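Here's the structure, in structure tokens; my notes come after.
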Amino acid sequence: MKIFTYLYILLFTAVFAEAQTVEEIKQEQDSLTTFYYIIDGDSIPREYIDLEEVVLLNKLEFNSKEDRRRYLILRRKTRKVYPYAKLASERLTTMTERLKTIDKKRDRKKYTKRIQKYIEEEFSEKLKKLTRTEGQILVKLIHRQTGRTAFDLVKELRTGWRAFWYNTTAKLFDISIKEEYRPFDVKEDYLIEDVLERSFQANKLERQKPAFEIDYLDLTAHWNAKSN
């Protein structure tokens, strides 16, 4: 399947970037001013404490066995693809810095082709194993972590025509690479955010700051209000 070809470029373009020495600077902090959230129905108190940010979550409750089953499936798929979205954000930053050091268009093109060949040989099989729903979740999470849709990223990396082609092909498999992550508007996206927060706290996933602010407390209150 070629529907995830655009992801190969995005996720691994920076593989051949030259390693840079980074000086680590440790800063001592006496305390951290953070929020401590307690979610309890409509009552959502906040207090400042000298700890890393913690969100105390209610026990999951479902209206039916079917709702529970769907959530667990969504959790499994989200946990599977989130690391790719996180990697995409990291690779995008590295790639951008690397390309800034290449002045000649010819050299940039040569660099891109070398990366593409390596990606197709080493990583294509992993992404080909994603299901349609996993691919769509990944597209949303790429937007969450980079602030740009997968379509826009492909357009930057591969030219607009290729981005159009990939988007059209993906639609045949019910995947739109123009999809955005909108947890305040789309119930599934809110549930994905819930899965992420719980997974971060359970150390199932490594937290990475999203490209745009998402206040989990406000998000939960928003959907609680809509359900009342």
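The values are calculated or read from the model by the stated rules, or taken from the named source; none is laboratory data. Values in this document were obtained by computation on a predicted structure and should not be read as measured data. Don't worry about glycine lacking a Cβ; one is built from the backbone with ideal geometry, like all the others, and counts go over all protein chains shown. All accessible areas refer to the heavy atoms of the entire protein, side chains included, with ligands and DNA or RNA removed. Shrake-Rupley method; radii C 1.70, N 1.55, O 1.52, S 1.80 Å.
Odds and ends about this structure:
- Total residues in region 181-197 satisfying the condition of being touching a residue at least 12 places away in the same chain (Cβ under 8 Å), open to solvent by 30 Å² or more (accessible area, probe 1.4 Å) and within 21 Å of Leu72 (Cβ to Cβ): the figure is 3.
- Matching residues in region 94-115 - criterion: being open to solvent by less than 30 Å² (accessible area, probe 1.4 Å), hydrophobic (A, V, I, L, M, F, W, C) and part of a helix (DSSP H, G or I): Met95, Ile115
- So Glu213, is it touching a residue at least 12 places away in the same chain (Cβ under 8 Å), open to solvent by 10 Å² or more (accessible area, probe 1.4 Å) and among the charged types (D, E, K, R): no
- Filter result (surrounded by 15 or more Cβ atoms within 10 Å (Cβ to Cβ), of a type in the set (Val, Ile, Thr) and either at pLDDT below 90 or not in a helix (DSSP H, G or I) (or both)) within region 42-93: Val55
- Scanning region 198-207 for residues being in contact with a helix residue (DSSP H, G or I) (Cβ under 9 Å, 6 or more places away or on another chain) and either modelled with pLDDT under 95 or open to solvent by 40 Å² or more (accessible area, probe 1.4 Å) (or both) gives a total of 4.
- Meets criteria (small (Gly, Ala, Ser) and at pLDDT 95 or above) for Ser227: no
- Among the residues making up region 200-228, those that are of a type in the set (D, E, K, R) and over 19 Å from the mean Cα position of the chain (by Cα) are Asp218, Lys226.
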